[in-house]
Amino acid sequence: MGGLQVQDVTSSSVTLIWKARPGIFESFLIRYEDVTDTLGPREVTVPGDQREVTLHDLSQDTRYAVSLYGVRGGKLSRPLKEEVTTDSSADRGTPPRLSPLSVSEIRQDSFRVTWEPLDGDFDAYVLQYGPAEGPHKEETLRGDETTFLITGLVAEVNYTVELRGILGDSYSDPETTFVFTDGQPREIDLERDLRSYTVKELKPGKKYKFFLYGLSDGKRSKPVTAETSTEKLLPPRLDSFSASDVSSDSVRLSWEVTGGEFDAFLLMYRDTEGKSKEVALDNHERTIEVDSLKPGKRYKFILYGIVGGKRSKASVAETTT
């Protein structure tokens, strides 16, 4: 038995590997303890064909003495010994990150947002949402939550949703999506001699349910119903994204949309401090003036269309102030 090595050290765990001839030991005993602690060692037993074990629930930034014994006939071999210090909380390795946000159950006054933590877990989350023009609300969620139903919304409004993970005193990069809530039910009064009616100003690719009531003495009859779906338009596509009216500190961006309609747009670029900046735009906008730029600098602007919370293929425009 030999070759005891320490690998994959984190703030709360450490992995041990070793070598041993097959069939010699019935099991292995790992004994480990905090070198400054008086509580005594902890022990883990693994089968004799195993050559690796991960010790969990360790304290951060703590030095541990580790002893590995082979067990045969109830007797312990001479131990292999090693010492290892766990990482501090600031050295957790790769920090966790957020998956893209997923949106479902879109209603007139609510929708559900779902996500997953990647490369680890967060202590908590901060969820912000609101119309593009404000105001925004904020919810603090537990670290084990991965979905949230946002309620109390207004029909036919484009909402911006931003989620950040919290780990210790640090915040993750945000994940952002845009959601357009469903419309309110509409009512149309019809003359009593009508037997057909064309309903206009519907949205493409949507399923509609219609209720028809007869009225007598101000009272409604039992309704008859009909359901249908409007035809889908071609998927919307960004086109002709360009920069114009360039000055020393500003530029005008313009674009067109072909096919269907987007729910919103997302413009991304780096500001004068080099930080990535995001601007949410309503779906009817086709131009924006970006100011507070640095003179003599080359800027790259990236525009996305948003449909159902998902980004389209990016369009890029570059210019020099």
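The values are calculated or read from the model by the stated rules, or taken from the named source; none is laboratory data. These numbers come from a predicted model, not from an experiment. Don't worry about glycine lacking a Cβ; one is built from the backbone with ideal geometry, like all the others, and counts go over all protein chains shown.
Just one of the numbered conditions (1) out of contact with any Lys or Arg (no Cβ under 6 Å at 6 or more places or on another chain); (2) assigned to a strand (DSSP E or B); (3) closer than 27 Å to T114 by Cα is not true of Y304; which one?
Just one mismatch for Y304, condition (1).
The conditions are (1) farther than 30 Å from E116 by Cα; (2) part of a strand (DSSP E or B), and V103 fails exactly one of them. Which is it?
If we test V103 against (1) farther than 30 Å from E116 by Cα; (2) part of a strand (DSSP E or B), just (1) comes out false.
What is the one condition in (1) exposed (fewer than 13 other Cβ atoms within 10 Å of the Cβ); (2) acidic (D, E); (3) touching a residue at least 12 places away in the same chain (Cβ under 8 Å) that D123 does not satisfy?
(1)
Check L101 against each of (1) crowded, with 16+ Cβ neighbours inside 10 Å; (2) assigned by TED's automatic domain parsing to the domain that holds L16 and name the one condition it does not meet.
It fails just one condition, (2).
Go over the candidates L202, L233, L215, L194 one by one and state the one that is of a type outside the set (G, A, S) and closer than 28 Å to M268 by Cα.
On the way: L202 fails: closer than 28 Å to M268 by Cα; L215 fails: closer than 28 Å to M268 by Cα; L194 fails: closer than 28 Å to M268 by Cα.
Among L202, L233, L215, L194, only L233 is of a type outside the set (G, A, S) and closer than 28 Å to M268 by Cα.
Within the stretch 207-219, can you find the residues that are charged (D, E, K, R) and more than 47 Å from the chain's Cα centre (by Cα)?
In the first step, residues of the stretch 207-219 are kept if they are charged (D, E, K, R); the result is 207, 209, 217, 219.
Within the stretch 207-219, D217, K219 meet the criteria.
Taking only pairs six or more apart or across chains, which ones have beta-carbon atoms under 9 Å, a first residue in the stretch 228-256 that is surrounded by 12 or more Cβ atoms within 10 Å (Cβ to Cβ), and a second residue that is part of a loop (DSSP other than H, G, I, E, B) and of a type in the set (F, W, Y)?
Correct list of pairs: P236/F262; L238/F262.
I'm told V161 meets every condition in (1) at pLDDT 90 or above; (2) farther than 26 Å from P117 by Cβ; (3) among the β-branched types (V, I, T) except one. Can you identify the failing condition by its number?
(2)
Which of the residues belonging to the stretch 51-68 are in contact with a Phe, Trp or Tyr (Cβ under 7 Å, 6 or more places away or on another chain) and more than 13 Å from V84 (Cα to Cα)?
R51, L68
Tally time: how many residues in the stretch 67-84 are touching a strand residue (DSSP E or B) at 6+ places or on another chain (Cβ under 9 Å) and without any contact (Cβ under 8 Å) to a residue 60 or more places away in the chain?
Of the stretch 67-84, the ones touching a strand residue (DSSP E or B) at 6+ places or on another chain (Cβ under 9 Å) are 67-72, 76-84.
Going one step further and asking which of them are without any contact (Cβ under 8 Å) to a residue 60 or more places away in the chain, we end up with 67, 69, 71-72, 76, 78-79, 83.
The qualifying residues number 8.
Of the conditions (1) assigned by TED's automatic domain parsing to the domain that holds G23; (2) under 17 Å from S11 (Cβ atoms); (3) part of a loop (DSSP other than H, G, I, E, B); (4) not aliphatic (A, V, I, L, M), R78 satisfies every one except a single condition; which number is it?
(2)
Assess whether T160 counts as being in contact (Cβ under 8 Å) with a residue 40 or more places away in the chain, more than 30 Å from E33 (Cα to Cα), in a strand (DSSP E or B) and polar (S, T, N, Q). Before you say what the answer is, go through the steps one by one.
Numbers: in contact (Cβ under 8 Å) with a residue 40 or more places away in the chain: yes; more than 30 Å from E33 (Cα to Cα): yes; in a strand (DSSP E or B): yes; polar (S, T, N, Q): yes.
Yes: the conditions hold for T160.
Can you tell me which residues in the stretch 176-221 are of a type in the set (A, V, I, L, M, F, W, C), part of a loop (DSSP other than H, G, I, E, B) and out of contact with any strand residue (DSSP E or B) (no Cβ under 9 Å at 6 or more places or on another chain)?
First, the residues of the stretch 176-221 that are of a type in the set (A, V, I, L, M, F, W, C): 178-180, 188, 190, 194, 199, 202, 210-212, 215.
Pick out the ones that are also part of a loop (DSSP other than H, G, I, E, B) and you get 188, 190, 194, 199, 202.
Hits for the stretch 176-221 are I188, L194.
Within the stretch 282-299, restricting attention to residues that are polar (S, T, N, Q) and at pLDDT below 90, which residue is nearest to T319 (Cα to Cα)? Talk me through it step by step, then tell me what you get.
Quick first cut of the stretch 282-299, residues polar (S, T, N, Q) only: 283, 287, 292.
Those left that are additionally at pLDDT below 90: 283, 292.
Numbers: N283: 24, S292: 15 Å.
Checked the stretch 282-299; the qualifying residue nearest to T319 (Cα to Cα) is S292.
Could you list all residues from the stretch 192-206 that are within 34 Å of the chain's Cα centre (by Cα) and either within 22 Å of G218 (Cα to Cα) or touching a residue at least 40 places away in the same chain (Cβ under 8 Å) (or both)?
P204, G205
Need a quick list: strands (runs of 3 or more DSSP E) entirely within the stretch 222-297 having at least 3 residues that are assigned by TED's automatic domain parsing to the domain that holds A314. Break it down stepwise before answering.
Working: elements: 224-229, 237-244, 251-258, 264-270, 276-282, 287-290.
Strands (runs of 3 or more DSSP E) meeting the threshold: 237-244, 251-258, 264-270, 276-282, 287-290.
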